[in-house]
Ligand SMILES: Cc1cc2nc3c(=O)[nH]c(=O)nc-3n(C[C@H](O)[C@H](O)[C@H](O)COP(=O)(O)OP(=O)(O)OC[C@H]3O[C@@H](n4cnc5c(N)ncnc54)[C@H](O)[C@@H]3O)c2cc1C
């Protein structure tokens, strides 16, 4: 049985820790934060009920997540309500899809060699007629995938967009954190250890031996290490490998990791349900051309909460400050709902802005596939001398990129592949 150190106590680290501890390996999970869950974070106390600052939805039939939820006796609640689009002040029912979007899908279907999405649009959809389509593709890629269209793989977007199952989206009744608590209990029951508040700064290694040093100077030794920190942290290079891994460093940079800022606004009433100029009683998602473009409700749950979502390269802009972001959100809501800022602000009961780009243990939000990702992934998912392993949401290839399902799958596969 091996002595295995796992860096990061998010979905991926917990999944591999549980599996390895249950196989009687000695497992130590080292986590920088004072809590488990990583990009799964429930905010308690501030709002009238717990809300999700990070992961919130189960997208479609994600079998590992749903299976774990079932095992933990949790409940998935299917979302309902309608989608709306607001463009140039005009509100319409439905998504972004129209005849031009069909043309885009057809052109994507003829693509045989990969290219980045910006080049693809330049080649097939040039000119003023397609300006609106190009804007919508960019908004969609930035919003949903957090991607930079100058880098994101057109083939990967084609695959992902064709598999998006908007009709089967779920919330977890007790929140995503309940799944993390369940996994952490399983790790501890099987004899594993979880160390919180211990940011790792160095991993010294040779075949069959690792020494992990934390910021406070503590050392944990083992025979193998699984690194599950976000790709954004690996790209920043805040964890030093001794000896260095130059090819891995290049590969991390070649992969895509986008940013998200999430806005949580609880109001004293669901004003959008019955408002003179916009009657949106059944509003689920609203996609718009506002600065903060995407907003959603909690339907079928009636909590008067609007969640705003801003993703893509612009989120990394260093000029963002909480006050500016708040003002941007109010301006967007003013445009969308045709209310004055005072009318909106007077209705706000609680608010929170989760800026994951400024989080030192994430440096972004989640991964997206660039044209170079396949080669980079082949390198970084290969164990280094049966001693160093990389896992986590971004170390995954498949239709659930950027999700909890991807993180769980990567953690599971890494644990299974350890000999
Ligand atoms: C705003 C937002 C919304 C999202 N919405 C959804 C959604 O609706 N549905 C969905 O399926 N997915 C969603 N995701 C993606 C999902 O949250 C992630 O894919 C998943 O949680 C990642 O799990 P992980 O274990 O790979 O990484 P993490 O959860 O990030 O775990 C890695 C851990 O490593 C720790 N760490 C970092 N640096 C160090 C260090 N130096 N030393 C020690 N520990 C360190 C971190 O603190 C963290 O706990 C969302 C993500 C964000 C940011």
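Read the figures in this text as sums done on the coordinates, not as results from a lab. Quick caveat, the model's predicted, so the values are computed rather than measured. Every residue, glycine as well, gets a Cβ built from its backbone with ideal geometry; the counts of neighbours run over all protein chains shown.
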Enter the Cα centre distance for the pair the range 264-332 and the range 30-60, rounded to the nearest angstrom. 19
GNM, the chain, Cα, under 10 Å: largest mean-square fluctuation among 72, 55, 17? 72
Residue span residue 102 to residue 196: 0.36 nm per residue of separation minus Cα-Cα distance leaves a gain in nm of 28.9 nm
Per the C-alpha gyration tensor (a ≥ b ≥ c, the square roots of its eigenvalues), the range 21-74 is rounded if a/c is under 1.5, else prolate if a/b beats b/c, else oblate; here it's oblate
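R0 = 41 Å: FRET efficiency of residue 188 with residue 397, Cβ-based, nearest 0.05?
Numbers: r = 31 Å, r/R0 = 0.77.
E(calc), rounded to 0.05, equals 0.85.
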Comparing 77, 15, 395 in a Gaussian network model of the chain (Cα, 10 Å), the one with the largest mean-square fluctuation is 77
At 7 Å along Cα-to-Cβ for each site, give me the label-to-label distance between residue 135 and residue 274 in nm. 3.5
Per-residue Cβ contact counts at 10 Å, fewest first, order 212, 384 as 384, 212
What's log10 of I(q)/I(0) for the chain at q = 0.08, 0.09, 0.12, 0.13 Å⁻¹, Debye sum over Cα points only, no solvent? -0.45, -0.57, -1.00, -1.16
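In which sequence would 195, 117 go, from the one with the fewest C-beta neighbours within 10 Å to the one with the most?
Working: 195 14, 117 27.
Fewest-to-most ranking of 195, 117: 195, 117.
Can you give the FRET efficiency to the nearest 0.05 for residue 24 and residue 77, using r as the Cβ-Cβ distance and R₀ = 41 Å? Don't skip to the end; give the middle numbers.
Details: r = 37 Å, r/R0 = 0.90.
That gives a FRET efficiency of 0.65.
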Which angle between 0 and 90 degrees, to the nearest 10, do you get for helix 131-145 versus the longest principal axis of the chain when only C-alpha atoms count? 40
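Counting other beta carbons within 10 Å of each Cβ, put 337, 265 in order, fewest first.
Final ranking by Cβ density, sparse to dense: 337, 265.
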Whether the range 148-268 is rounded, prolate or oblate, judged on the alpha carbon gyration tensor where a/c under 1.5 counts as rounded: oblate
Computed log₁₀ I(q)/I(0) - Debye formula, equal Cα scatterers, no solvent, the range 96-163, q 0.15, 0.20, 0.25 Å⁻¹: -0.40, -0.75, -1.28
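Note the full-extension length gain between residue 236 and residue 110 as 0.36 nm times their separation in residues minus their Cα-Cα distance, in nm to one decimal. Please list the in-between numbers first.
On the way: separation 126, 0.36 × 126 = 45.36 nm, distance 3.69 nm.
Here the segment from residue 236 to residue 110 would lengthen by 41.7 nm.
Extension gain residue 253-residue 70, at 0.36 nm per residue separation less the Cα-Cα distance, in nm? It would help to have the intermediate numbers written out before the result.
On the way: separation 183, 0.36 × 183 = 65.88 nm, distance 3.70 nm.
Residue separation times 0.36 nm, minus the Cα-Cα distance, leaves 62.2 nm.
Considering Cα pairs under 8 angstrom that are at least six residues apart, work out the relative contact order of the chain and quote it in whole percent.
On the way: 859 pairs, mean separation 103.9, N = 419.
Contact order relative to length: 25 percent.
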Would you mind telling me which residue in 311, 45, 208 has the biggest mean-square fluctuation in a Gaussian network model of the chain, where springs connect alpha carbons within a distance under 10 angstrom? 45
Sites residue 216 and residue 301 - FRET efficiency at Förster radius 45 Å, r taken between beta-carbons, to 0.05: 0.60
Just report the Cα centroid separation between the range 173-226 and the range 344-419, whole Å. 17
